[in-house]
Amino acid sequence: MAPLRQHPKTCTSSLYVAIAMVSLAALMPGTAATQIAPQVAEADMQSPGWWTLLPPVVAIAIALIFRSVIPALFIGIWCGASILNGWGLTSIWTAFLASFDTHLVNAIADEDRVRVLLFTMMLGGMIGILGRNGGMRGIVAWTTRFASNAVRGQLVTAGLGLVVFFDDIANTLLIGKTMRPVTDRLRISREKLAYLVDSTAAPIAGVAVASTWVGYEVSVIGATAEGTAGLDTPPYLIFLASIPYSFYSIIALFMVFAVAWSARDFGPMYRAEIAARRKPMAVPPAEAEPDSSSVKDSTSALNAVVPILAVVSTLFAGLLITGSGASIQEILGSADSFLALMWASLLGVGCAAAITTARRILTLNQTVDAWFEGVRTTLIAVIVLTLSWTLADIVQSLNTAEYIIGISSDRLPLFLLPSVSFVLGGIVAFTTGTSWGTMGILMPLMLPLSWSLLTGSADGAMAGQMHIFHGSVAGVLAGAIWGDHCSPISDTTVLSSLASDCDHIEHVRTQLPYAMTAGSCALFLCTLPVGLGVPWWLCLIASFAVVAGVLKVLGKPTGFAQ
């Protein structure tokens with residue numbers, strides 16, 4: 001399997017780094033390691049210090065330098081477990097064992113995480129069936145009528161990303177896996193496909209009027225607003241007012257279509273695209289042609305479209321069933337999205353299997369084999385997701401986010417609050433690998449802070465300054481997505497690599513320049529000026545112009561795949 005593959009040389013290098021890190025930390029007198037234990041013991045982890053940054057920094061550094069994500073994540077976990085144990089030779093060895101038998105076990109004991117893993121594997125199994133029953137070939141044949149070259153193929157992929165707006169996980173896996181044969185045929189790189197699905201999934205789900213993301217965001221806003229004196233605005237209305245200030249999400253979506261339309265790329269993405277244009281890419285095993293001696297030719301897009309529609313419709317129906325409220329927004333906001341995902345994946349697999357066996361395309365045993373082959377392609381991603389969650393839990397136990405907030409919480413000028421919210425959101429999401437966790441950590445701090453500074457009392461904010469409040473709320477939400485896009489330990493980034501069958505570190509390397517471009521525009525051309533009173537729409541227009549200019553100046557034509 002292509003994504004997240006581990007090269008022997010890379011794994012060996014990572015092992016050397018781990019041995020050197022632990023040896024130096026444990027044996028050298030006067031080093032940070034020998035000083036961490038008493039600091040941690042004295043503070044009892046209630047007052048986090050600089051050492052709390054070590055686990056994510058070590059994991060990210062090793063992943064980016066050696067391009068090997070699994071050893072990098074485990075070493076980060078080991079480092080964090082060692083800090084929790086107080087360091088020392090004995091505790092380092094104990095932490096090594098605890099990383100596996102305690103922290104890893106605790107990470108997958110969470111019910112919602114198990115549901116995500118099951119959804120991922122079941123959806124992979126469904127795609128495996130669709131690859132054997134002729135459905136994927138039918139979609140390729142049908143889509144190629146519209147996606148006749150690389151530009152149109154990218155635009156179709158991005159457009160489909162906007163259609164599945166109500167859940168980022170379903171968006172990423174469905175669009176990535178469905179469009180992969182199409183983009184392969186058009187010689188669009190796997191790195192570009194991963195960028196297209198990653199940079200449309202969370203941004204559109206984060207600003208849609210109704211989605212699983214919006215449900216979570218509104219719940220976090222509501223929980224915080226309840227305890228904020230003088231703030232009686234319904235949380236959903238606060239969210240709606242913050243959408244125009246979610247600059248990164250909006251700019252990231254614009255940049256996806258600008259990159260696709262211009263046929264220009266820069267940085268590592270340009271090299272990946274040129275390499276893809278020069279040589280055809282191999283067909284993934286799950287999508288290979290079936291054995292003609294045992295399976296009749298039944299290429300039909302309906303074999304895939306019906307199961308995919310079953311997944312989408314069941315997911316939406318599941319959200320309605322598990323939610324409650326008087327409006328669609330309230331229903332989706334209270335829905336159990338993880339349970340709905342499980343129902344959707346099960347119905348999708350059942351529908352695919354039923355169509356395949358009823359039409360006598362495959363026997364029952366062949367259908368089960370195809371399902372298993374699809375599930376097997378998700379194994380490495382499941383491992384990386386589990387390691388990412390484990391590291392996130394350890395980082396939370398070390399109070400890393402609180403330390404980052406603490407060193408940045410000096411009194412700030414009012415106009416800087418939205419920018420500080422955005423930057424803090426990006427940093428916390430980058431180091432923890434979780435956008436939802438970042439929202440949950442920062443919203444209870446930034447929302448009351450911005451409201452209290454605006455009002456100075458419980459009498460209510462001045463109407464002319466409400467852009468500061470809404471910008472601060474949006475800064476947390478958009479900053480979390482920005483940091484998530486840049487982080488190699490993010491679970492959604494991992495899923496994008498999985499869905500696109502792309503090497504994970506290559507996906508991070510190629511997407512990072514684009515995410516940083518969109519993030520820089522969001523910060524310097526939008527969030528900062530808005531804090532000073534510039535209209536948000538004028539800032540967005542300026543950002544769109546700059547993005548187009550960057551593609552014109554830095555981007556190089558990648559040509560059309562015929």
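The values are calculated or read from the model by the stated rules, or taken from the named source; none is laboratory data. Quick caveat, the model's predicted, so the values are computed rather than measured. Counting neighbours? That spans all protein chains shown, and the Cβs are built from the backbone with ideal geometry, glycine included.
Tell me which residues, restricted to the stretch 525-539, are surrounded by 23 or more Cβ atoms within 10 Å (Cβ to Cβ) and touching a His at 6+ places or on another chain (Cβ under 9 Å). Answer for the stretch 525-539, where residues must be surrounded by 23 or more Cβ atoms within 10 Å (Cβ to Cβ) and touching a His at 6+ places or on another chain (Cβ under 9 Å): just Val530. Among all positions in the stretch 183-195, there is no residue which is modelled with pLDDT under 85, out of contact with any strand residue (DSSP E or B) (no Cβ under 6 Å at 6 or more places or on another chain), within 21 Å of Val494 (Cβ to Cβ) and not in a loop (DSSP other than H, G, I, E, B). Taking the numbered list (1) closer than 21 Å to Trp436 by Cα; (2) charged (D, E, K, R); (3) at pLDDT 80 or above in turn, Asp112 passes all entries but (3).
Restricting to the stretch 111-150, and then to whatever is among the charged types (D, E, K, R) and more than 14 Å from Pro307 (Cα to Cα), can you tell me which residue is surrounded by the most Cβ atoms within 10 Å (Cβ to Cβ)? Once the filter is applied, the top-ranked residue is Arg137. Of all residues in the stretch 169-206, exactly one satisfies the criterion of being of a type in the set (Lys, Arg), within 16 Å of Ala301 (Cα to Cα) and under 18 Å from the mean Cα position of the chain (by Cα), namely Lys177. Looking at the stretch 510-519 only, could you name the residues that are more than 13 Å from Gly475 (Cα to Cα) and not β-branched (Val, Ile, Thr)? Of everything in the stretch 510-519, those that are more than 13 Å from Gly475 (Cα to Cα) and not β-branched (Val, Ile, Thr) turn out to be Gln511, Leu512, Pro513, Tyr514, Ala515, Met516, Ala518. Within the stretch 526-562, the set of residues being part of a helix (DSSP H, G or I) and free of Cβ contacts under 8 Å to residues at least 60 places away in the same chain comprises Pro529, Leu538, Ile541, Ala542, Ala545, Val546, Gly549, Val553. The residues of the stretch 181-207 that are in contact with a Ser or Thr (Cβ under 6 Å, 6 or more places away or on another chain) and of a type in the set (D, E, K, R), listed by number, are Arg190, Glu191, Asp198. On inspection, Ile441 qualifies as crowded, with 21+ Cβ neighbours inside 10 Å and either under 27 Å from the mean Cα position of the chain (by Cα) or at pLDDT 80 or above (or both).
Criterion first (more than 18 Å from Ser313 (Cβ to Cβ), in contact (Cβ under 8 Å) with a residue 12 or more places away in the chain and buried (at least 23 other Cβ atoms within 10 Å of the Cβ)) does Arg180 satisfy it? It is true that Arg180 is more than 18 Å from Ser313 (Cβ to Cβ), in contact (Cβ under 8 Å) with a residue 12 or more places away in the chain and buried (at least 23 other Cβ atoms within 10 Å of the Cβ).
Scanning the stretch 265-296 for residues that are under 24 Å from the mean Cα position of the chain (by Cα) and either at pLDDT 85 or above or among the β-branched types (Val, Ile, Thr) (or both) yields Asp265, Phe266, Gly267, Pro268, Met269, Tyr270, Arg271, Ala272, Glu273.
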